[in-house]
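Here the structure is laid out as structure tokens; the discussion comes afterwards.
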Amino acid sequence: MLIDQLSLRDITEADLPTIFEHEQDPEAIRMAAFTHQDPSNRDAFMAHWHRLFAVDTVVTKAVVLDKTVVGHIASWVQEGDREITYWIDRNHWGKGIATTALQLFLADMETRPLWARTAKDNVGSIRVLEKCGFETVGQDRGFANARGEEIDELVLRLDS
Ligand SMILES: CC(C)(COP(=O)(O)OP(=O)(O)OC[C@H]1O[C@@H](n2cnc3c(N)ncnc32)[C@H](O)[C@@H]1OP(=O)(O)O)[C@@H](O)C(=O)NCCC(=O)NCCS
């Protein structure tokens, strides 16, 4: 069973090249939409992660399938609200990894409500969140670097 093969652990410096590679896939970038200005900029990526490591309310977990890092989950506090995001290596999509990893994460992270934002057309991400109990509570518009334009965004919340 997937749950027996999957685990989460803290992300370390040594994981960053792997996560950077996951975030180079053009289809994944298009889906995620609200990416960095230039996802291929390794220095900017590294600087961003080093800033995350320095904030003690930021939680970053590697998603490990057997012994391979296949994605990550990150959580941070913005204006008092704890938010989450995640990214799975495209080679491992469609196996239930995001859903199972998020369930593992939620079992450890007790803060509620928990918030997530996703492009309104990111049906995969919306489905993952809904399967984990998140409900859509709002809508927003924001500039999506990966699309080069403003797009609709859903705001989802997990209450229990
Ligand atoms: C979105 C993402 C995390 C999904 O990862 P995954 O491991 O393939 O997801 P799961 O296998 O757990 O799928 C969960 C559900 O979503 C559905 N789903 C996943 N990707 C989908 C897609 N592209 N289109 C439609 N449905 C999709 C699955 O069919 C499944 O639904 P089901 O159980 O009803 O069959 C992954 O595609 C990804 O990392 N994308 C790029 C980064 C991104 O968008 N992150 C989210 C930012 S908000």
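Of the residues making up the range 14-29, those that are more than 16 Å from the ligand (Cβ to nearest atom) and without any contact (Cβ under 8 Å) to a residue 12 or more places away in the chain are A14, P17.
Counting only residues that are more than 16 Å from the ligand (Cβ to nearest atom) and closer than 23 Å to N122 by Cβ, the range 30-48 holds 4 of them.
Per-residue answers, yes or no, for (1) surrounded by 14 or more Cβ atoms within 10 Å (Cβ to Cβ); (2) touching a Ser or Thr at 6+ places or on another chain (Cβ under 7 Å); (3) not small (G, A, S):
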{"site": "I11", "(1), (2), (3)": "yes, yes, yes"}
{"site": "L16", "(1), (2), (3)": "yes, no, yes"}
{"site": "R30", "(1), (2), (3)": "yes, no, yes"}
{"site": "P39", "(1), (2), (3)": "yes, no, yes"}
{"site": "D43", "(1), (2), (3)": "no, no, yes"}
{"site": "T57", "(1), (2), (3)": "no, no, yes"}
{"site": "V69", "(1), (2), (3)": "yes, yes, yes"}
{"site": "R82", "(1), (2), (3)": "yes, yes, yes"}
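If the requirement is being at pLDDT 95 or above, near the ligand (Cβ under 10 Å from one of its atoms), of a type in the set (A, V, I, L, M) and more than 16 Å from L16 (Cα to Cα), which of these qualifies: I126, I88? Only one candidate qualifies: I126.
Residues in the range 88-99 that are buried (at least 21 other Cβ atoms within 10 Å of the Cβ) and not small (G, A, S): I88, D89, I97.
The values are calculated or read from the model by the stated rules, or taken from the named source; none is laboratory data. Worth saying up front: this structure is predicted, and the values here are computed from it rather than measured. As a convention, Cβ positions derive from the backbone with ideal geometry for all residues, glycine included, and neighbour counts pool all protein chains shown.
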